[in-house]
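Only one structure is covered here, and it is reproduced in the block below.
The values are calculated or read from the model by the stated rules, or taken from the named source; none is laboratory data. Note that this is a predicted model, so its numbers are computed, not measured. Positions of Cβ are backbone-derived with ideal geometry, glycine not excepted, and every protein chain shown enters the neighbour counts.
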Amino acid sequence: MERRKKILIGIVSIVVVIVVLLVGAYPTVTVAKISSTLKVSKSSPYDVTEEKVLIKVARISYMDYTFSNRRSVNEREKDKADIVTLEVIFDLSTPTGTNLTIGQFDLAGEGFKEFNLVVGPNEGLTESGTFVLFIKIHLIVKPPTGFKMELIKTISKTFEVP
């Protein structure tokens, strides 16, 4: 019994050491976590307003970055999906002037649109300096009676990567 206990403790110790070495062996990467909420509403005429745009620059392990959900969208209070279409494109301008599309979403209806993006080295966040995020919005409203309405606007936010 005592011998089994020693063997079990030895195996657990080896597993813990291996896990610590594996986690320590993976480098960290710099990422920008982008959280944005847009509101599509009929405010005579239809409009898209910025409820929030938050950008948090952080360092995370490469494993966390690799297995993270990098793009998601959630729609709340969705209404009139049959007449309202919305295209939202997230572009990133790097300090060296490179422009990258980091997310494109085709949505429908009024209501809140919540976007979450994680941008890291695979998406072009490979240098330090001043980055500019552009959120390009293209709204089309086609009511069954009346005239088609179209709105194009861009929201920009600047952030620093050390």
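Can you name every residue in region 120-139 that is surrounded by 15 or more Cβ atoms within 10 Å (Cβ to Cβ), modelled with pLDDT of 95 or more and hydrophobic (A, V, I, L, M, F, W, C)?
In the first step, residues of region 120-139 are kept if they are surrounded by 15 or more Cβ atoms within 10 Å (Cβ to Cβ); the result is 120, 123-125, 131, 133-139.
Next, only the ones that are modelled with pLDDT of 95 or more stay: 131, 133-139.
Correct list: Phe131, Leu133, Phe134, Ile135, Ile137, Leu139.
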- Can you confirm whether region 29-39 contains a residue that is at pLDDT below 90 and more than 13 Å from the chain's Cα centre (by Cα)? no
- Quick one: which strands (runs of 3 or more DSSP E) sit completely within region 52-162 and have at least 2 residues that are of a type in the set (Lys, Arg) and in contact (Cβ under 8 Å) with a residue 12 or more places away in the chain? 71-79, 149-161
- For residues that are farther than 16 Å from Val48 by Cβ and within 29 Å of the chain's Cα centre (by Cα), scanning just region 143-162, find the one that is surrounded by the most Cβ atoms within 10 Å (Cβ to Cβ). Val161
- Message: Can you tell me which residue is modelled with the highest pLDDT among those in region 74-107 that are among the small types (Gly, Ala, Ser) and surrounded by fewer than 15 Cβ atoms within 10 Å (Cβ to Cβ)?
- Response: Gly97
